[in-house]
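Remarks on the structure that follows.
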Amino acid sequence: MLLHDIRLALRSLKRNPILSLLMIVTIGVGIAASMIAMTVYSARAGHPIPWKEDVLFAVTMDTRENEPPPPGMPLRNFEYPPFTLAYQDAVAAYRSDIPRRSVMMYRSGQLVTPERANIKPFHVPVRVTTADFFAMFDVPFRYGGGWSRAADTTAEPVVVISKYLNDKLFGGANSLGREITLGGRQFKIIGVLDAWMPHPRFYDLSGGGFDLPEDAFLPFEWVRAGRIFPQSINCVRRTARVVNFESLFTEECLWLQYWVELPDSAAHARFQQYVDNYVRDQQQRGRMPRPLNNRIVNVSTWLEMNNVVGDDTRMQVMVAVAFLVVCVLNTVGLILAKFLSAAPIAGLRRALGATRLDIVRQHLTEVVIMGLIGGALGLFLSFGGLRLLYALIFARGLESSDNPARLTLAQSFTHMDFPMLLLAVALSVLTGILAGIYPAWRIGRLTPATFLKTQ
Amino acid sequence: MEIRALVSAMWRSRTGPILVAAQVAITLAVVVNIAYLIQQRLETAAKPTGIDIDNVFWVRLEAIDPDYNYEAALRADLEYLNDLPGVIAATSSNGTPQTFYSLGLPFAPSADQLDKGGGQGARVFMADEHYLDALGLELIAGRNFESSVFVPPAQDVPSGIAAWAPEVIITRYMADKLFPDGNAVGKPLYVGLVNRSSTVVGVVKLLQGAPMPIEQFALMNVLVPIIPPGPNPFYIVRTEPGRRDATMARVEQELADRVPGRFMSQIEALEKTAAQARFSFRSSATILSVIGVFVLAVTLVGITGLAAFNVTTRTRQLGTRRAIGARKFHILRYFIVENWIITSVGALVGCALALAAGIKLSTTYALPRLPLYFLVAGVVAIWILGLLAVVVPARRAASISPATATRMV
């Protein structure tokens, strides 16, 4: 019976080739637009570390002045506390033993001067961090490991380097124990990372969040010992007086990312209490004039607060879906026209004994087939569209970097994975059914006599 | 003509017209808002910068020798660059405009205002007496920096900023904002965070820090005569028209080796830097226009398809009308008016949708509300689109011979 339906459907499709083609192209273009937008969306909306969703938390404190939002700032952003902490507040939080692990850290850059004369000195992004970083974010090591908490306070000259840096400087060999020159100082390599690309780079979302992790990691006290200046500082209060490097540690300047690992919700509640108490105490001393607004949030909420997906990406999905709706409406009209023009045939079949259900089923088969062909076309078009998008937008500037991870990162934005492929198939069937259900029902409802008369 | 008859005929087989109207409504809502976003982005990208972008390039050097004498090298480099044939001026700074790198501080016209209101944020560019010429900025009031005011380079950026300088030059936008009574020149300007004040000695007509939709972030800029902290020099060079590329090639060849212990890490035409800063605006405008064109094309096809179907099913009726005296023109008019009514109903609903979507967009993007002329233009565009879509089927309808009616009975 299905075979019969399919044969009838194909015959009907061939009867009106231009109209059929038009409908298939319409469905195809609509599905392609939606698939492209959703692929780009899903590349940005992923969870980088789902297995730690319940234990990993970003810590924020509302250290701002009690002032209305500046003009032009979306209010949503204004309700959130700043995303970085001042040194004195981070240090206070670090004193708590409630979290299983705690990390305070910041991003900077350093010049690497290779031993080998054939490599020119070059800049690498550097993360200066406390010891728990690697265990907390499940960073994979190729060789060696991180440092102890003691190394943080003594500014031990040790470094963990990325796979890229190890490949570039040592040809990928085990470089543990060797030295590299960072910012004119010698550091001993104690760890080499494996390929690692949290996507988005959730632990530090400055600059949009879609960048590679740093290439060198240094114990925290190097901030003072090396006078390693943070890449980004935000001094919030009018009372802040920045006079020299030491101002970083005493003034109201925000520059540290702060994360904790809390084993359970009870620990979360206790740590929240700890932070709130600390802030209340600071308020007594005349700091932090705003009402309590310290948020200790898991990774999903953190990504949401930082608007990592981005308004543009979200809007593109909405526009693409609206476009698909237009395509569906369009197809409904065309299918209806087509079915009605072929109504006498349906009438004849009814008169010869086909039930109403038979007619509806046969017409639905036709639209589902059309949906599938349209979907296949849509898939083909979306691959093309994604490649175009990649070439025009994401592959930009790749040639200036010798880091292969950059290529992987660029490709990840337009990569259509298996669940997206399934979604494409589901979408095309759904589109076919949505477009065809009303026309098929209409045609099934007609009484055979009307048509037989006009013949 | 009988509009009533036309409408009631349409109402009897309303599914098709409703589908077309719904399509038109969504299309209008989408296209109008897309057009507005595109316009906003292209406008942001095309705003004047006040800079002679085509003839400027910049160079970054990295010192690797711990004994590198930054200050001496800086003086020698600037002398060399300023003496190069074809160079109008060269300056050293902490970075170039047209990037999103920024060093911002709060400013106010009085110390009191700074304490109470926090001041207005502005971007700080370190400059010397060649800065205005090196970027091609136009001084509209006051004077340039004099060479005696320069603050020698500090150990790091915070100390350099903290030392501040007795004079500043500001943009006209900033002058209007902070000194609304006019004439900023000669007035003191207070600087938050570093807690200093300087005298405004000059006003430049325009200096766009970066292409940003919010004017305040783009145009509030301060030039301060501080020699940037070492040890890595950053130079901005402006050449005579047409000589940029040759000069760049020469500088790339010669500059780094003039002083030992350093190398050149980057040299780039400001034109390229500026284009990169605008890339996201331009690319999203391109994506949106592609979507817009597709939406319009699909709607065009939809309207044509349904009109063509109507012509086919009404062949006999049309033949009859022609047989009893309707002229070709009447048939043509019938279809065009019918289609016009459908698209207009759709456009009306679409206007409501567009406004609703526009309100949502203006809150998420902090944009001004969708201007009404966009809606008007959208409706006109939809009318034209509808007319184009119906012309071919309507002409086919008009060419149906009256004989058809007799043949089919």
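Where a number appears in this text, it was derived from the coordinates with a stated rule and is not lab data. Being a predicted model, the structure only gives us computed values, none of them experimental. Ideal geometry is used to build each Cβ from the backbone, glycine not excepted, and the neighbour counts take in all protein chains shown.
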### Query
If one computes the Cα centroid of segment A:382-444 and of segment B:357-406, what distance in Å separates the two points?
30
### Message
Taking θ = phi - 60°, what integer Hz values does the Karplus form 6.51 cos²θ - 1.76 cosθ + 1.60 yield along segment A:150-163, in sequence order, with x for Gly and Pro?
### Response
5, 5, 5, 7, 9, 6, 4, x, 10, 8, 10, 10, 7, 4
### Nearest 10 degrees, 0 to 90: helix A:17-45 Cα axis against chain A principal axis
20
### Task
Sort A:24, B:267 so the one with the fewest other Cβ atoms within 10 Å of its own Cβ comes first.
B:267, A:24
### chain B, Rg to Rh (Cα coordinates; Rh as Kirkwood inverse mean 1/r)
1.24
### Task
Distance between Cα centroids, segment B:37-96 to segment B:269-315: provide it in whole Å.
39
#### Entry: Additional length obtainable on full extension of the chain from residue A:120 to residue A:173, 0.36 nm per residue less Cα span
17.1 nm
### Task
Just subtract the alpha-carbon distance of residue A:342 and residue A:225 from 0.36 nm times their residue separation and send over the number in nm, one decimal.
33.7 nm
#### Entry: Amide hydrogen neighbours beyond the local backbone of residue B:13, cut-off 5 Å, H modeled
none
### Query
Using alpha-carbon positions, what is the distance between the centroids of segment A:20-37 and segment A:72-133, in Å?
45
### Message
I'd like the Karplus ³J(HN,Hα) series for segment B:189-203: coefficients 6.51, -1.76, 1.60, θ = phi - 60°, whole numbers in Hz, and an x wherever there's a Gly or Pro.
### Response
10, 9, 10, x, 6, 8, 6, 10, 9, 9, 9, 6, 9, x, 10
### Message
What distance in nm separates the two pseudo spin-label positions at residue A:281 and residue B:82, each 7 Å out from Cα along the beta-carbon direction?
### Response
5.6
### Summary
For the residue B:39, residue B:352 Cβ pair and Förster radius 22 Å, calculated FRET efficiency rounded to 0.05 is 0.55
### Query
Which of the cysteines found in the protein assembly as shown have nothing to pair with, since no other Cys Cβ lies under 4.7 Å from theirs?
A:327, B:351
### Query
Counting pairs of Cα atoms in chain A, how many percent are more than 40 Å apart?
41
### Query
Using the Kyte-Doolittle scale, which helices in chain B average at least -0.5 and also have C-alpha atoms spread 18 Å or more along the helix axis, with helices defined as whole DSSP H runs?
B:15-46, B:270-313, B:328-365, B:372-398
### Summary
Once amide hydrogens are built 1.01 Å from N within the peptide plane, the residues lying 5 or more places from residue A:101 or on another chain with amide H under 5 Å from its amide H are A:261
### Query
How many nm is it between the label spots at residue B:264 and residue B:336, if each spot is 7 Å from the Cα in line with the beta carbon?
6.6
### Query
What residues qualify as long-range amide H neighbours of residue B:196, i.e. H under 5 Å apart, gap of 5 or more or another chain, H built at 1.01 Å from N?
B:191
### Message
If R₀ is 51 angstrom, what is the calculated FRET efficiency for the pair residue B:10 and residue B:249, using the beta carbon separation as r and rounding to 0.05?
### Response
0.10
### Query
So what is the 222 nm mean residue ellipticity for the protein assembly as shown from helices alone, if each DSSP H run of at least 4 adds -39500 (n - 2.57) and you divide by all residues, rounding to the nearest 500 deg cm²/dmol?
-17000 deg cm²/dmol
### Message
Test of understanding: ordering A:296, A:49 by Cβ neighbours within 10 Å, fewest first, what list do you get?
### Response
A:49, A:296
### Message
Taking just the alpha-carbon atoms of the protein assembly as shown, what radius of gyration and Dmax come out, in angstrom?
### Response
33.8, 105
### Query
Residue by residue, what Karplus-based ³J(HN,Hα) values in Hz, rounded to whole numbers, does segment B:90-106 have, using 6.51, -1.76 and 1.60 with θ = phi - 60° and x for Gly and Pro?
9, 9, 10, 8, 8, x, 10, x, 6, 10, 9, 5, 8, 10, x, 9, x
### Summary
For residue A:15 and residue A:273, extending 7 Å from Cα along the Cα-Cβ vector and measuring point to point gives, in nm, a value of 7.6
### Query
Relative contact order of segment A:112-250: what whole-number percent is it, with Cα pairs under 8 angstrom and at least 6 residues apart?
31
### Task
Give the order of A:414, A:447 when sorted by the count of other beta carbons within 10 angstrom, beginning with the fewest.
A:447, A:414
### Message
Place a point 7 Å from the Cα of residue A:194 along the Cα-to-Cβ direction; which residues of segment A:120-148 have their backbone N under 19 Å from it?
### Response
A:133-147
### Message
Could you tell me the calculated FRET efficiency between residue A:264 and residue A:95, based on Cβ-Cβ distance and R0 = 22 angstrom, to the nearest 0.05?
### Response
0.55
